[in-house]
Amino acid sequence: MNFKSPLLFINVVALLGFLWITGFFGIWIHGIKAVSEDAGDIFTQAYPVEGNYTVKISLSNLEKNEGKVLYEEENNKIYVSEVFIDTNSNYQVVFRSSGNYNFSGATLVSGIEHARQNNGYTDILQAKATAAYQGRTFELFPAGSAPLKYKDGDEFSFYLYASDVDPENEEAVEITLSNLYINFWARKPNL
């Protein structure tokens, strides 16, 4: 019994050390952010996604909008995470992007371009948004963004001004996003 306990302890410590050195804990805890910050071993690229993507939202029941999908392809998805009225009585439409990641790299389709610069990363909200309501189309303006806030993605939002819509009207507002970006991170091959 005494022989097994130290051997078990040594094996557990060795396993934990291996997982720490290989970066497993960083990926497990931080997800895409851990992959993206591995500057020496990761190749990164971001480029625009063709097309316009539309989702209908209701202003009469804000909670009903949660989870409505704007974009979905393979393991990448953009959906409405929240619609709420801010302190200025304007609506904010919040979009959540989720992608995939593993030891080889990660992909994320988002309204945010995660680009590598000489001094680190830039996180630029590139998406453009318009709303169609009662035969009119108008531009939505960025409200904010949270780059790589989640293990599997980020979040960005747009203002929908109260003066442009009538919350009592049951007609849905069609929000269209363009200029989405696919962000791609891949581990460089060992040569």
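The values are calculated or read from the model by the stated rules, or taken from the named source; none is laboratory data. The shown structure was predicted, so the numbers you read here are calculated from the model rather than taken from an experiment. Cβ sites come from the backbone with ideal geometry, for glycine too, and all protein chains shown count toward neighbours. Keep in mind that these areas ignore ligands, DNA and RNA; they rest on the heavy atoms of the full protein, side chains included. Shrake-Rupley method; radii C 1.70, N 1.55, O 1.52, S 1.80 Å.
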>> How much length would be gained if the chain were fully extended between Phe84 and Asn102, taking 0.36 nm per residue of separation minus their Cα-Cα distance, in nm to one decimal?
In response: 3.1 nm
>> Run through the stretch 103-165 and list the chymotrypsin sites (Phe, Trp or Tyr not before Pro) located in a DSSP loop whose Cβ has at most 11 other Cβ atoms within 10 Å.
In response: Phe103
>> On a full-extension model of 0.36 nm per residue, what is the gain between Ala186 and Ser5, subtracting their alpha-carbon distance, rounded to one decimal in nm?
In response: 61.1 nm
>> Over the stretch 78-117, with the other protein chains present, what is the accessible area per residue in square angstrom, probe 1.4 angstrom?
In response: 36
> Of all the accessible heavy-atom surface of the stretch 120-180, with the other protein chains kept in place and a 1.4 Å probe, what percent is carbon and sulfur?
Replying inline: 48
